[in-house]
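To start, the structure itself, in structure tokens.
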Amino acid sequence: MKQANRFNSISPGWNAVITVFLAIIAVVCLAPLILLIVISFTSADSIAYNGYAFWPSEWSTVAYSQLMKTGTQIVNGYKVTIAYTIVNTILSLLVMSMYAYVMAQKQFRGRTFITFFAFFTMLFGGGLVPSYIINVKYLGLYDTFWIFVLPGLMSAYNCIILRTFVQTTIPESLFEAAKIDGAGHFRIYAQIVMPLFKAGLATIGLFKVVGNWNDWFTGMLYIENPKLTPLNTMLTRIMDNINFIKANADKLSDDQVAAILNDMPTESCRMAITVITVAPILFAYPFFQRYFVQGLTIGSVKG
């Protein structure tokens, strides 16, 4: 026992070295985020003359003022994004966990087929044009809230991860004991699998939340109604408009208007948009961190 403890422990000196090393890595990881926030509060002249700096020569909130001129659009974009992120994440976890539970049942004769069916979709896909035709012409999801929810409910990769989690962490004898006690599949799924599923669901849930939150392309393709425009799509359009106006500012007849447009903080606006987009995810991550490390080791080989 003492020999095992000796191999599993480190000396105070090495402990200090590892702590310093991890602290340096943490600083390196945090430095880009800090620089991003600082640049968003940097004036356009300071960026033009001095470039990016952790301590700019002139601070400014013009970038955020420009974004606030959109009125309630940013608030509405937040509401839409939060709504479809929550709805899509909950429904997709429910659907994928059920599919994974079925794939993990060794007694089910169609398990091989549905596993291959999910795996086949990872190798071959119809592409953008067929999916657009199906979503618009046949499903009627154009310019509706459900375009953000229904097409992304299933992910074959996530289903296979959840299936592996069921097979490696939940003993088969537990399923057999529940069946002997008269429990059906829905009861086993709800009362046995789901409580033991927390680490896997939290990991996949975090991936789904980040993916849904960062999705701007769906809104760009399918949404015209300003009340249904998600945050990232709206911010992308604002940035495109700023770049377009600045690129054509010299063609304006009014020199004063052209000068104002040329002074628009393109770089700081870009960073401010990133800060507004990333901030909610940074606050949400600690709630998933409890299960995240355990979920990442799903199916790992134990020595």
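The values are calculated or read from the model by the stated rules, or taken from the named source; none is laboratory data. All values reported here derive from a predicted model rather than from experimental measurement. Heads up, the Cβs are rebuilt from the backbone with ideal geometry, glycines too, and the neighbour counts pull from every protein chain shown. All accessible areas refer to the heavy atoms of the entire protein, side chains included, with ligands and DNA or RNA removed. Shrake-Rupley method; radii C 1.70, N 1.55, O 1.52, S 1.80 Å.
For the reader, a short list of remarks on this structure follows.
- In Hz, Karplus ³J(HN,Hα) per residue of region 25-31 (6.51, -1.76, 1.60; θ = phi - 60°; x = Gly, Pro): 4, 4, 5, 4, 6, 7, 4
- Given R0 = 25 Å, the distance between the Cβ atoms of L221 and N241 translates into a calculated FRET efficiency of 0.85.
- For the peptides 29-37, 226-234, the ranking by mean Cβ contacts within 10 Å, running from highest to lowest, is 226-234, 29-37.
- Karplus-based coupling profile of region 157-163, in residue order and whole Hz: 4, 5, 4, 5, 4, 5, 4, with θ = phi - 60° in 6.51 cos²θ - 1.76 cosθ + 1.60 and x standing for Gly or Pro.
- Restricting region 34-129 to trypsin sites (Lys or Arg not before Pro) in coil, as DSSP defines it, with at most 10 other Cβ within 10 Å: K69, K106, R109
- Loop sites in region 143-228: GluC sites (Glu not before Pro), DSSP, at most 12 other Cβ within 10 Å: E224
- Using the 1.4 Å probe convention, the accessible area of region 51-132 works out to 63 Å² per residue with neighbouring protein chains retained.
- Once all protein chains are placed together, D45 keeps about 90 Å² accessible to a 1.4 angstrom probe.
- In this rough spin-label picture, where each label sits 7 Å from Cα along the Cβ direction, the K198-A284 distance is 2.0 nm.
- Placed amide H near T42: partners under 5 Å, 5+ positions off or other chain: S60
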